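Values in this text are rule-based calculations from the coordinates and carry no lab data. Small disclaimer: the values here were computed from a predicted structure and weren't measured. Ideal geometry is used to build each Cβ from the backbone, glycine not excepted, and the neighbour counts take in all protein chains shown.
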Amino acid sequence: MAYTKIHAIKATVDKAIDYICNPEKTDEKIFISSYACSPETAAIDFKYTLDHCRENSPNKAYHLIQAFAPGEVSFEEAHRIGQELADQLLQGKYSYIVTTHIDKGHVHNHIIFCAADNINHDKYHDCKQSYYRIRHLSDELCKEHNLSVIIPGEKRGKKYNEWNADKNGTAWKPQLRKDINSCIKSASTYEEFLLLLRAKGYEIKGEEFGENAPKYISFRPLGKERFIRGSVKSLGKEYTKERIRERIELKRERKATIPKRDYASRRLVDTSDEKFQTSPGLKRWATIENLKIAAQSYAEAESITKLEHEIAVKTEAGKSAKQSVVELEHRIKDLAEIIKYAEQYRANRSYHINYKKAKNPDAYFRRYESQIILYGGARRMLEQAGINLKSLNIDKLKSEYQELTRQKDELTSTYKSYEKEVHELSRKLDNLNQYLGRDTTSALSSEQQDKSKNHIL
C-alpha cells in the first residue's frame, strides 16, 4: 500500500528539487527521472512556463509524496510506480521530476511538477477532488503491482453516533425503506406486500387494521433484537401501514404501464447462506427470483453459444480500442514535450544569436544565462526528436496535438462502452451457467471477465 500527500511550493523550487535529487537519498542519482525538463535546470524550465501563465496564483510547483509500507516493494519497482503515477496524473501536460528515496526505513517517491502546464500554460488546481484522484490512481497502481491497498475506514473505531445508530436500529432504516419500496412495487395487494417482506427475512407485527388493531406496524430485520416502528417519526410518512396500503392501491389504479423489471442485469441470489436454510419463505422468494433472472437472461441471449461469441467479439474490440488509446497517449505525451521545447527554442533563439555576436560573450552570458541555457537544452532535445529546426511550425504541432487528443477521447468512449457491454453480457452468462449447473471452464466466467476487463482497462 502507499500513502500519498501533496503540498504547493510557493517560493524555493530550486531548493526542493535539490533536496529530492540528493545523491545520498537516490543511490547516487540512479533513481531520478524527469519529463519535459532536466533535473539540473528544472527550476529554470518551470520559471519559463510560469512566466507565460495568465493566473496570479502564487503556487510555482507541487510536491507529491508517495510512501510505501516497509519491505513491500523494491527500489526499482517503487520508482516505476512513481513514474506511472506522474504520467497518469499529469497526462503529459506538466513538466516533472520523480525521485525515489532509499535512505529511510520505508521506500518513498518524491514528485515535483510545475504548477503550470506546457500547452496552454494553465495552472494545476489542487483541491479535495484532485487529491482523491491522486489517491485513487496510487491505489490502482498498487493493485496492478500486487501491493496492498489502504481500505477506507480500516482500523477505525466507531464514533458515538454510529454506535448509537446501530444500538437503536437507525442504521437499518435506509435498507428497510429500500426493501419496503421494493415490495410495494412488486405487490398487487397489501397482503402480498406482507408476504414479500417476510420472504426477505423481516418479522412483522401490528400489520392489522381495525378498531382493536395496534396503531403502528413494526418491522424487525433478520438477526436484529429491536423492532423498527413504521411511524412518521421513525421511518417517515410514506412508511406507515395506512400509507403503505394506499401506495399499493394507487399503483393498481394507475393507467400507465409499469416498466418490466430488468432481471437480466441482476446476479443470481446465493442461497447457500444460512439464512436461506432457516427461512423457507426467504428461500422460496430466492428460488422465484433466480428463475426470473435466468429466464430473462436466456430470452435476451437467444442462445448460450451466441452469448459467448458476442462476449469474445466485444472483448477483443475493447482491447483493440484500448491499445489504440495507449498508443495515442504516448504520441500525445511526446508531442507535448516537443511543443514545450519548440516554444523555448523560439523564445530564446535571439539570445543565443546575440551571445554569439557579443563583443563581451562572458558578460552577456552572465546577464542572460537562463535564456541561453534554455535555448541550448531545447535545441538539443528537438534535434534528438528528429525535428527539422528550419521548418519548425509550432501552430502545426499544436493542431496535431488537439487532433490526437480528440481521437483519444473518442476511442476512450468507445472502449468504455465495450467494457460496459462485456460486463452486462458476462453477468447474463454467469447467471445461466450457475442456474444450469454448466461447467464454467468451457464458458467465460466472472474471473475470466475480470481478466478481460483488466486488458481493456
Under 5 Å, built H, 5+ apart or other chain: amide partners of ILE9 = LYS60, ALA61, TYR62, HIS63
Computed on Cα atoms only, the convex hull of the stretch 75-140 has an orientation-averaged projected area in nm² of 4.8
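Defining a contact as two alpha carbons under 8 Å apart and six or more residues distant in sequence, what relative contact order in percent does the stretch 261-300 show?
56
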Isotropic mean projected area of the C-alpha convex hull, the stretch 261-300 (nm²) = 2.8
Set LYS396/LYS416; LYS10/LYS408; LYS173/LYS241 screened for pairs whose C-alpha atoms are more than 23 Å apart = LYS396/LYS416; LYS10/LYS408
Crossing angle, helix 394-436 versus the chain [Cα axis fit, 0-90 degrees, rounded to tens] = 30
About the Cα centre, charge dipole magnitude for the stretch 261-300 (Lys/Arg +1, Asp/Glu -1 at Cβ), debye | 120
Considering the alpha-carbon set of the stretch 2-144 alone, what are its Rg and its Dmax in angstrom?
-> 14.4, 45
Once you charge only the Cβ atoms, +1 for Lys and Arg and -1 for Asp and Glu, what is the size of the charge dipole of the stretch 302-449 about its Cα centre, to the nearest 20 debye?
-> 1400
Checked against the positive end of the charge dipole of the stretch 169-259 (+1 on Cβ of Lys and Arg, -1 on Cβ of Asp and Glu, about the Cα centre), the farthest of SER186, VAL232, LEU197 is VAL232
Positive-end residue of SER279, SER74, CYS37, charge dipole of the chain with Cβ unit charges | SER279
Order of GLU191, GLU28, GLU310 - criterion: other Cβ atoms within 10 Å of each residue's Cβ, fewest first | GLU28, GLU191, GLU310
Give or take rounding to whole Å, what are the principal axis extents of the alpha carbon atoms in the stretch 176-326, in descending order?
-> 69, 41, 33
A correct Kirkwood calculation over the Cα atoms of the stretch 358-413 returns a hydrodynamic radius in Å of 14.3
Rg and Dmax of the stretch 304-456, using alpha carbons, in Å: what are they?
-> 26.5, 90
By how many degrees, between 0 and 90 and to the nearest 10, does the Cα long axis of helix 446-456 differ from the longest principal axis of the chain?
-> 30
The rounded separation in angstrom of the Cα centers of the stretch 361-385 and the stretch 22-59 is 16
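Would you work out the charge dipole size for the chain about its Cα centre, treating the Cβ of every Lys and Arg as +1 and the Cβ of every Asp and Glu as -1, and quote it to the nearest 20 debye?
Rounded to the nearest 20 debye, it is 1720 debye.
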On a 0 to 90° scale, report how tilted helix 190-199 is relative to the longest principal axis of the chain, with both axes built from alpha carbons and the result rounded to the nearest 10.
-> 60
Which whole-percent values make up P(r) of the stretch 278-367 when all C-alpha to C-alpha distances are grouped in 5 Å steps starting at zero?
-> 2, 10, 8, 7, 7, 7, 7, 6, 6, 5, 5, 5, 4, 4, 3, 4, 4, 3, 2, 0
Remind me, relative contact order of the chain in percent, using alpha carbon pairs under 8 angstrom and six or more residues apart?
-> 13
Would you please report the Å³ per residue occupied by the convex hull of the alpha carbon atoms in the stretch 169-259?
-> 98
Surface/4 estimate of mean projected area, convex hull on alpha-carbon atoms of the stretch 315-356, nm² = 2.9
log10 of Debye I(q)/I(0), alpha-carbon scatterers only, for the chain at 0.06, 0.07, 0.11, 0.12 Å⁻¹ | -0.47, -0.61, -1.04, -1.12
Tell me, what is the percent relative contact order of the stretch 304-456, built from C-alpha pairs under 8 Å that lie six or more residues apart?
-> 40
